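Peer 1: I have a structure here, written as structure tokens, and I will follow up with some questions on it.
The values are calculated or read from the model by the stated rules, or taken from the named source; none is laboratory data. Worth saying up front: this structure is predicted, and the values here are computed from it rather than measured. Because the Cβ atoms are built from the backbone with ideal geometry, glycine has one as well, and the counts that use them run over all protein chains shown.
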Amino acid sequence: MQEFLTNPVVQGGIAPFVVAVIVVAILAKAKLAGLAVTVGFAIAVALVSGLGFTPLTATRKVVLLGLLAPLVGIVVDFALKKSRTLTAVIALCCGALTVWVFWSVLEQKAIGDALLLGGVAAVFVAWFVAATLQLAGQPVRAGGAALMLGLGAGISAILGASALLGLYGIAVGAGAGAFLLVQMLTGRKLVAGATLTLSASLAAGLVAAAALVLAQLPWYALIVLGLIPLAASLPVSDRLPIWAQAVIVSAYGFAVAVIAFVLTWWAPPPI
């Protein structure tokens with residue numbers, strides 16, 4: 001059993017997916033199926049590195065914010081009135097928190113490099129969150145976007161020389177995949193809300209940003225990953241069965257993610 005649980009495929013994909021499916025089945029009626037994303041993420045973290053937060057390194061800050069995101073999402077879904085202003089405030093806060101996540105790394109760099117790297121990471125995460133929150137009321141699009149946000153960030157991180165971050169990102173995708181699969185099998189739409197979209201976009205966004213700051217993900221691949229939420233908004237006929245809508249939306253996101261994979265694979269080695 002120990003050997004099974006130490007297999008990266010199990011840690012980042014199978015275990016998060018299986019547990020996330022159970023979470024969706026249990027919490028769907030309570031409109032909290034979106035928690036599957038964070039549960040999948042948490043399972044991967046627990047299996048890969050453990051849920052410890054001391055010392056509070058940049059990677060552990062990524063985990064901490066990824067686990068706290070659904071709490072904000074639930075408040076947004078059940079207690080606040082959704083608006084563009086609220087979305088902007090949440091996105092800006094996520095961008096600011098991104099600087100906090102990587103501060104210990106950025107302060108060791110030359111000021112010009114620190115401003116550029118920190119600025120790119122913060123703007124990317126803020127955009128990722130804002131664009132994905134726009135899909136909160138469209139559960140199929142939200143699920144497809146979250147699936148490819150996680151897989152896109154995870155696989156890009158692996159190609160950028162960080163297996164740890166890669167497994168975290170893939171786990172986010174696995175949790176979103178469970179949310180999407182249940183809709184495909186039942187033919188019924190679930191509630192996504194900020195519980196899913198904020199959780200997926202912040203966790204996946206921070207994973208991708210960490211691959212930029214801590215590993216070797218090129219900045220232009222990060223920009224391409226930022227287009228995934230827009231790809232998930234491309235036209236899909238509502239007359240199609242839910243499973244077909246899910247496949248098409250996911251395919252849109254996958255096409256964008258593949259570009260990021262290729263750019264990362266062919267990126268010149270750091271000097």
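Peer 1: Restricting to segment 240-255, name every residue that is more than 16 Å from Leu149 (Cα to Cα) and touching a residue at least 12 places away in the same chain (Cβ under 8 Å).
Peer 2: Kept after step one, since they are more than 16 Å from Leu149 (Cα to Cα), are these residues of segment 240-255: 240-245.
Hits for segment 240-255 are Pro241, Ile242, Trp243, Gln245.
Peer 1: Kindly check whether there is at least one residue in segment 219-239 that is polar (S, T, N, Q), surrounded by fewer than 24 Cβ atoms within 10 Å (Cβ to Cβ), under 15 Å from Ala142 (Cβ atoms) and touching a residue at least 12 places away in the same chain (Cβ under 8 Å).
Peer 2: Residues of segment 219-239 that are polar (S, T, N, Q), as a first pass: 233, 237.
Within this subset, residues satisfying the condition of being surrounded by fewer than 24 Cβ atoms within 10 Å (Cβ to Cβ) are 233, 237.
If we keep only those that are under 15 Å from Ala142 (Cβ atoms) as well, we get 233.
Remaining after also requiring touching a residue at least 12 places away in the same chain (Cβ under 8 Å): 233.
Yes, segment 219-239 has at least one match.
Peer 1: Step by step: first the residues of segment 123-164, then only those that are more than 14 Å from the chain's Cα centre (by Cα), part of a helix (DSSP H, G or I) and without any contact (Cβ under 8 Å) to a residue 60 or more places away in the chain, then the one that is nearest to Val256 (Cα to Cα). Which residue is that?
Peer 2: My answer is Ile158.
Peer 1: Sticking with this one: So, in segment 46-62, exactly how many residues are modelled with pLDDT under 95 and either touching a helix residue (DSSP H, G or I) at 6+ places or on another chain (Cβ under 8 Å) or hydroxyl-bearing (Ser, Thr, Tyr) (or both)?
Peer 2: 11
Peer 1: Given the options Leu47, Leu92, name the one that is out of contact with any Gly (no Cβ under 9 Å at 6 or more places or on another chain), farther than 20 Å from Gly144 by Cβ and part of a helix (DSSP H, G or I). Spell out how you get there, then give the answer.
Peer 2: Details: Leu47 fails: out of contact with any Gly (no Cβ under 9 Å at 6 or more places or on another chain).
The unique qualifying residue is Leu92.
Peer 1: Can you give me the number of residues within segment 130-157 that are surrounded by 24 or more Cβ atoms within 10 Å (Cβ to Cβ) and out of contact with any Lys or Arg (no Cβ under 8 Å at 6 or more places or on another chain)?
Peer 2: Final tally of qualifying residues: 18.
Peer 1: Okay, moving on. If only one of Val262, Val182, Val258 is touching a residue at least 60 places away in the same chain (Cβ under 8 Å) and part of a helix (DSSP H, G or I), which one is it? First the steps, then the outcome.
Peer 2: Values: Val262 fails: touching a residue at least 60 places away in the same chain (Cβ under 8 Å); Val258 fails: touching a residue at least 60 places away in the same chain (Cβ under 8 Å).
None of the others qualify; the one that does is Val182.
Peer 1: Which condition breaks for Lys61 when tested against (1) among the charged types (D, E, K, R); (2) crowded, with 19+ Cβ neighbours inside 10 Å; (3) under 21 Å from Ala33 (Cα atoms)?
Peer 2: Single failed check for Lys61: (3).
Peer 1: Which residues, taken from segment 89-123, are exposed (fewer than 14 other Cβ atoms within 10 Å of the Cβ), of a type in the set (Gly, Ala, Ser) and at pLDDT 95 or above?
Peer 2: Of everything in segment 89-123, just one residue is exposed (fewer than 14 other Cβ atoms within 10 Å of the Cβ), of a type in the set (Gly, Ala, Ser) and at pLDDT 95 or above, namely Ala96.
Peer 1: Going by what's in this entry, would Ser233 be described as closer than 18 Å to Thr132 by Cβ and assigned to a loop (DSSP other than H, G, I, E, B)?
Peer 2: Values: closer than 18 Å to Thr132 by Cβ: yes; assigned to a loop (DSSP other than H, G, I, E, B): yes.
Yes, satisfied.
Peer 1: Within segment 29-37, identify whether any single residue is surrounded by 19 or more Cβ atoms within 10 Å (Cβ to Cβ), outside any helix (DSSP H, G or I) and out of contact with any Asp or Glu (no Cβ under 9 Å at 6 or more places or on another chain), and answer yes or no. If you could, list the steps in order and put the result at the bottom.
Peer 2: Here is the first cut: in segment 29-37, the ones surrounded by 19 or more Cβ atoms within 10 Å (Cβ to Cβ) are 32-37.
With the extra rule that they be outside any helix (DSSP H, G or I), the set shrinks to 32-34.
Next, only the ones that are out of contact with any Asp or Glu (no Cβ under 9 Å at 6 or more places or on another chain) stay: 33.
Yes: one or more hits.
Peer 1: Can I ask one more? Without any contact (Cβ under 8 Å) to a residue 12 or more places away in the chain and over 19 Å from the mean Cα position of the chain (by Cα) - does that describe any residue in segment 92-100? Lay out the reasoning, then the answer.
Peer 2: Start the filter on segment 92-100 by keeping residues that are without any contact (Cβ under 8 Å) to a residue 12 or more places away in the chain, which leaves 93.
Restricting the remaining residues to those that are over 19 Å from the mean Cα position of the chain (by Cα) gives none.
Within segment 92-100, not a single residue is without any contact (Cβ under 8 Å) to a residue 12 or more places away in the chain and over 19 Å from the mean Cα position of the chain (by Cα).
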